[in-house]
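First comes the structure, then the notes that go with it.
The values are calculated or read from the model by the stated rules, or taken from the named source; none is laboratory data. Everything numeric here is computed off the predicted structure, so don't read it as measured data. All Cβ positions, even for glycine, are placed from backbone atoms using ideal geometry, and neighbour counts span all protein chains on display.
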Amino acid sequence: MLWVYRSFLWVALPWLVLAGLETLVFPLDKFTFRAWEAVKVNVLTQALPGPFYPDLDREFLEANDQDPARNKILRNRWVTDRYGQRNRQLPQPGEVYGVVVGDSNIAGSSLDQSQLLSEELRRQIGSLWINLNYEYMAPWEHPLCKSHPPRWIVFQLKRGSLLELSRLDGWIQDPAESLHFVRSGRIDHATKMTALNKLRSLLSLHALVSSTQFREPHCALPLAWFQRLLAGGFNRRNTDPKTFLEKPPIEILLHHREACRSRGIEFVVLILPDTVRQADPLVRELLERGIPTVGFLPAPGRPDGADLKEFWQPRDSHWSVSGVRESCARLLPFLGLD
């Protein structure tokens, strides 16, 4: 029986060595095509407070997520705060500020720190704006917002996400004091085994390529979860997920508006434009129910509510700088700042 264990050890040894090199020697983005996979929290959710490694400030060379050649042509700066959110600074007590809540578009995947929606709103309004990426269900319960409520909360969704809002969840956790080695993400990085995923990609194992790592699918189908597990693990939610099963999307957003109103917060919904026309009736209902909504509804000459080629990045699933600026311009009247 001993030979079985020895054989297993010899098979596992190269991967253990590779994990050690990846953890201690190579930079975090050595085998990843963009910063997202390099700095996204994987399994250390009890030790790290947010979706990304906290207190980060560095530049990455990145490729667009739908570029099959994975050419690293983008040089983007990533800065995260102590909550593990992509913010350059946090508001001081008594300071007027706003919050943008949403998916990887809000976090600025494939964008530089200066190109985020929060940064554009700050330039246009003059007040500080911060991101709470993936804090979908109750942003006002974030420790920062509880102790110092913002003036505005902009809640961003894709049209498909609006249709499936009941299935989305989020997490809330106070910032944790932990060892620097843990906070730097080095231990967490070894669990991703990005070098192994790079090898799988080179071998054309398409179901497991690194481009599908750590995505947040709106429908967590068993196959998707299985693929993500094989690709390096999946993210566990911190504390109890705040889900709204069997509750219509409109009711969820009405609940959000009332929760914000009771705290003196102005609540605005931002629905990004695409070709999912099934969401249009919900967008119209949001407006009819009195929820301030930038919905990008079809208009003469713009059947999709915007010029999608300009709004979205080429060879990427995220919005462009033009899309960020157009969204900001449409938000200003709803924030009382036209």
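Just to be sure I understand, how many residues within segment 78-118 are among the hydrophobic types (A, V, I, L, M, F, W, C) and closer than 17 Å to Glu59 by Cβ?
Total satisfying the criteria: 5.
Select from segment 67-82 the residues that are more than 24 Å from Gln124 (Cβ to Cβ) and assigned to a loop (DSSP other than H, G, I, E, B) and list them in ascending order.
Of everything in segment 67-82, those that are more than 24 Å from Gln124 (Cβ to Cβ) and assigned to a loop (DSSP other than H, G, I, E, B) turn out to be Asp67, Pro68, Ala69, Arg70, Asn71, Lys72, Ile73, Arg82.
Which of the residues belonging to segment 260-282 are surrounded by 14 or more Cβ atoms within 10 Å (Cβ to Cβ), in contact with a Phe, Trp or Tyr (Cβ under 8 Å, 6 or more places away or on another chain) and in a helix (DSSP H, G or I)?
Result: Cys260, single match.
Among the candidates Leu90, Leu111, single out the residue that is of a type outside the set (Phe, Trp, Tyr), crowded, with 23+ Cβ neighbours inside 10 Å and either assigned to a loop (DSSP other than H, G, I, E, B) or in contact with a Gly (Cβ under 7 Å, 6 or more places away or on another chain) (or both).
Leu111
Scan segment 131-147 and give yes if some residue there is more than 13 Å from the chain's Cα centre (by Cα), modelled with pLDDT under 95, surrounded by fewer than 21 Cβ atoms within 10 Å (Cβ to Cβ) and aliphatic (A, V, I, L, M), otherwise no.
Yes - at least one qualifying residue is present in segment 131-147.
Just checking, which of Leu28, Leu13 is over 25 Å from the mean Cα position of the chain (by Cα) and either within 28 Å of Arg315 (Cα to Cα) or outside any loop (DSSP other than H, G, I, E, B) (or both)?
Being over 25 Å from the mean Cα position of the chain (by Cα) and either within 28 Å of Arg315 (Cα to Cα) or outside any loop (DSSP other than H, G, I, E, B) (or both) holds for just one of Leu28, Leu13, which is Leu13.
Inside segment 93-108, can you point out the residues that are under 22 Å from Trp36 (Cβ atoms) and part of a loop (DSSP other than H, G, I, E, B)?
Asp103, Gly108
If you check every pair at least six apart or on different chains, which have Cβ atoms under 6 Å apart with a residue in segment 256-270 that is in contact (Cβ under 8 Å) with a residue 12 or more places away in the chain first and a residue that is polar (S, T, N, Q) second?
Val269/Thr293; Leu270/Gln156
Scan segment 56-76 residue by residue and report those that are surrounded by fewer than 17 Cβ atoms within 10 Å (Cβ to Cβ) and under 29 Å from Arg151 (Cβ atoms).
Asp57
Rundown of residues vs (1) in contact with a Leu (Cβ under 9 Å, 6 or more places away or on another chain); (2) at pLDDT 85 or above; (3) over 26 Å from Asp112 (Cβ atoms); (4) among the acidic types (Asp, Glu), yes/no style:
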{"position": "Trp3", "(1), (2), (3), (4)": "no, no, yes, no"}
{"position": "Phe8", "(1), (2), (3), (4)": "no, no, yes, no"}
{"position": "Asp29", "(1), (2), (3), (4)": "yes, no, no, yes"}
{"position": "Ala35", "(1), (2), (3), (4)": "yes, yes, no, no"}
{"position": "Val39", "(1), (2), (3), (4)": "yes, yes, no, no"}
{"position": "Val43", "(1), (2), (3), (4)": "no, no, yes, no"}
{"position": "Pro49", "(1), (2), (3), (4)": "no, no, no, no"}
{"position": "Asn64", "(1), (2), (3), (4)": "yes, yes, no, no"}
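Does at least one position in segment 321-338 carry a residue that is part of a loop (DSSP other than H, G, I, E, B) and either touching a Pro at 6+ places or on another chain (Cβ under 7 Å) or hydrophobic (A, V, I, L, M, F, W, C) (or both)?
Looking for residues that are part of a loop (DSSP other than H, G, I, E, B) and either touching a Pro at 6+ places or on another chain (Cβ under 7 Å) or hydrophobic (A, V, I, L, M, F, W, C) (or both), one finds at least one in segment 321-338, hence yes.
Hey, could you check segment 297-308 for residues that are closer than 28 Å to Ile73 by Cβ and of a type in the set (A, V, I, L, M, F, W, C) and say which is surrounded by the fewest Cβ atoms within 10 Å (Cβ to Cβ)?
Top of the filtered list is Leu308.
Do you know which residues across segment 309-320 are free of Cβ contacts under 8 Å to residues at least 40 places away in the same chain and either surrounded by 15 or more Cβ atoms within 10 Å (Cβ to Cβ) or not in a helix (DSSP H, G or I) (or both)?
Result: Phe311, Trp312, Ser320.
For segment 238-259, give me each residue that is modelled with pLDDT of 70 or more and of a type in the set (Asp, Glu).
Within segment 238-259, Glu251, Glu258 qualify.
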